[in-house]
Structures are given as C-alpha cells and as structure tokens.
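The values are calculated or read from the model by the stated rules, or taken from the named source; none is laboratory data. All values derive from a computational prediction rather than experimental measurement. Quick reminder, even Gly has a Cβ in these numbers, built from the backbone with ideal geometry, and neighbours come from all protein chains shown. Just so you know, the surface numbers come from the protein's heavy atoms only, side chains and all, with ligands and any DNA or RNA stripped out. Shrake-Rupley method; radii C 1.70, N 1.55, O 1.52, S 1.80 Å.
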Amino acid sequence: MSSQHQAATDHPVARLLPWYLSGTLKESDRRAVDQHLATCADCRRELDELTALRAPLKDAFTAEPMPSRSIKASVMAQIQAARAAGPRSTGDDSPRRVGEAVEQWFRNLFGPRWVPTLAAALLIGQLALLLWTAGQQSPVRSDTVTTRGIPGAPVRVVVVFQESASEARMRAVIQTLQGRLVDGPTTDGRYTIEVGPSAVGVVEAQLQALRQQTDVIRRAERLAP
Amino acid sequence: MVTRLALSKLSPEHQEILRLVFYEELPYEDIATLLEIPENTVKTRVFYAKQQLKRQMDRVIARESVL
C-alpha cells in the first residue's frame, strides 16, 4: 500500500489537505489538520505533492476559461427557479419605483374595457345633442325675406308710367305693390305710392320686378325717407 | 504541459472536481451543495482524482523521457 493511500485510509484528516492548502477550511477542521500534520510524515508528504500540483493545475484550467459545468448548471437552475417564482418586491422605495407605481395607477384607470366604450358613448351623445339642437331652429327659406324686429315706417316709391300705359295697368302696378297712391301725377308724370312697412330688400325686389315691365313702367325708385 | 495532458486523460467527473477545488477554490461544503453529493463523497472523489492525475503525469513523463 502506497503511503498516499495509507494516508488517506488511516488518516481521514488527510482528505482535507486540498482545502487546507487553499485556506478554505472551517476553523475547527484547520486546527485538526494542523495537529495531525505535526505528527504525521505521510500527510506532510501528501501536502507537499498537492502544493506542487497547485500551480500547474491552475495554469491548466486557466488555459481553458470555460466555467465549470456544474457551476454553470447550478446558475442556470437558479435563474430558472427565479423566473418560475415570478417578480418579488425588494422593498426598494427609490424614486424610480415610485414613478413606476404612479404610472401603473394611471394604467389601471384605463384598464377596464368599459372606459373607452364610455368615452365613445359620451362623444356620440354630444354630437347627437348638437345635431338635434341645430335641427330645432327654424330653417331660413332662401326665397323669402322675413322681417324682424319692430315694423318700420311705410315706404314710399316713385313710379313714372309710360305715356301709353293704360289706367288698368297702372292700377295693377299699385296692387302689386300692395300700396296706395298718395301723390301724383306730378307735372313730370311721377306717382308716389306708399307701401306698407317692409324691409328695404323686399321693396327693392318689387321695384326690380316692376322695372321689367318696360311697356308700363318708365322708372321706379324707392323714395328716400 | 504535462499537467494539461494528464488532465485530459481523466474522466470528466475527476476533471470537474479538480477544477472546483484547485481553480475555483470552493470549500468542500459548497462543492457538495453544487454537485448535490455528500461532503464525504466530495473528499473521497478529490482524493482519487488527485491520485489518477499523479498516475497520468508519471506516464506522460515516462513517455517523454523515452522519446
């Protein structure tokens, strides 16, 4: 039996020599090895061999920088276990986490599905109300002009008939204006006709229509107030 | 060079344990936890791995001396 094998079998403490060499033994184990080495030559030789191997082994493993398979497997297993456990609160109240909490609170406000639907319903309702309100107003007809406000003073127009105009046609003109003859004929053939309170635009439209009757009307003008 | 050659002759299990002890310098308790084996098994495995390494180094040295 070799001295090395004898050291290992007879001296269980010898199996702690690699860690005694690297200085990673517990205090109790280190003291036990110290005491044993003081009295065991075989173990001292074993320690010398390990010391000689230490540097070459470090160099050999340094040349292969790949991590230990078991260490890599252990780290990966811990990572997978952490992922399976889910996120944990670390109790860190840094401003970044506070900001994230505030952001999450706002997100939660819009999280429920009914929020966008409610917003859309409110918009549609407002649009419908606007359209209904607009529809309640009286439509303005383009072919009539309505008078507003306090009825104004009667309007007078001056009409000069053609000399060939018959009396019947002249009376028809006055009826068209819904007026009454208040003056005329003057020496230059002017008749002053008073029509009821009307908007200026209405009177002008009527006068324009009369002017089209050139066989009866020579001139038709609104008399300035 | 001799050590690297000798290491390459060892089983993956022995190479692994020697790396953890001499390169990573992990305590034997940590190695036991890492490999999920008893602490005594760690100590025994290191002992035999070192023994095998020594044997392989002697063979390499013997071959080179012949050449």
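Please work out which residue is nearest to the chain's Cα centre (by Cα), limiting yourself to the stretch A:8-45 and to residues that are assigned to a loop (DSSP other than H, G, I, E, B) and under 21 Å from B:THR41 (Cβ atoms).
Within the stretch A:8-45, the subset assigned to a loop (DSSP other than H, G, I, E, B) is A:11, A:23-26, A:38-40.
So of that shortlist, the ones also under 21 Å from B:THR41 (Cβ atoms) come out as A:11, A:24-26.
Working: A:HIS11: 78, A:THR24: 61, A:LEU25: 64, A:LYS26: 63 Å.
So the residue we want is A:THR24.
Condition check: more than 12 Å from the chain's Cα centre (by Cα), surrounded by 14 or more Cβ atoms within 10 Å (Cβ to Cβ) and at the interface with chain A (Cβ under 8 Å from one of its Cβ atoms). Does B:GLU16 satisfy that?
On the way: more than 12 Å from the chain's Cα centre (by Cα): no; surrounded by 14 or more Cβ atoms within 10 Å (Cβ to Cβ): yes; at the interface with chain A (Cβ under 8 Å from one of its Cβ atoms): yes.
No; evaluated as a whole, the condition is false for this residue.
What are the residues in the stretch A:81-105 that are modelled with pLDDT of 75 or more and open to solvent by 100 Å² or more (accessible area, probe 1.4 Å), if any?
Quick first cut of the stretch A:81-105, residues modelled with pLDDT of 75 or more only: A:81-82, A:84-85, A:99-105.
Within the stretch A:81-105, A:TRP105 is the sole residue that qualifies.
Under 9 Å between Cβ atoms, which residue pairs at least 6 apart in sequence (or on different chains) link something in the stretch B:35-57 that is open to solvent by less than 40 Å² (accessible area, probe 1.4 Å) with a partner that is not in a helix (DSSP H, G or I)?
B:ALA49/B:LEU10; B:ALA49/B:SER11; B:GLN51/A:SER2; B:LEU53/B:LYS9; B:LEU53/B:LEU10; B:GLN56/B:LYS9; B:GLN56/B:LEU10
Name every residue in the stretch A:1-29 that is at pLDDT 90 or above and under 23 Å from A:LEU57 (Cα atoms), in order of residue number. Walk me through how you get there before you give the answer.
Pass one, the stretch A:1-29, residues at pLDDT 90 or above: A:15-29.
Correct list: A:ARG15, A:LEU16, A:LEU17, A:PRO18, A:TRP19, A:TYR20, A:LEU21, A:SER22, A:GLY23, A:THR24, A:LEU25.
Only one residue in B:TYR23, B:TYR28 is in contact with a Leu (Cβ under 8 Å, 6 or more places away or on another chain), open to solvent by 60 Å² or more (accessible area, probe 1.4 Å) and within 10 Å of chain A (Cβ to nearest Cβ), so which one is that?
B:TYR23
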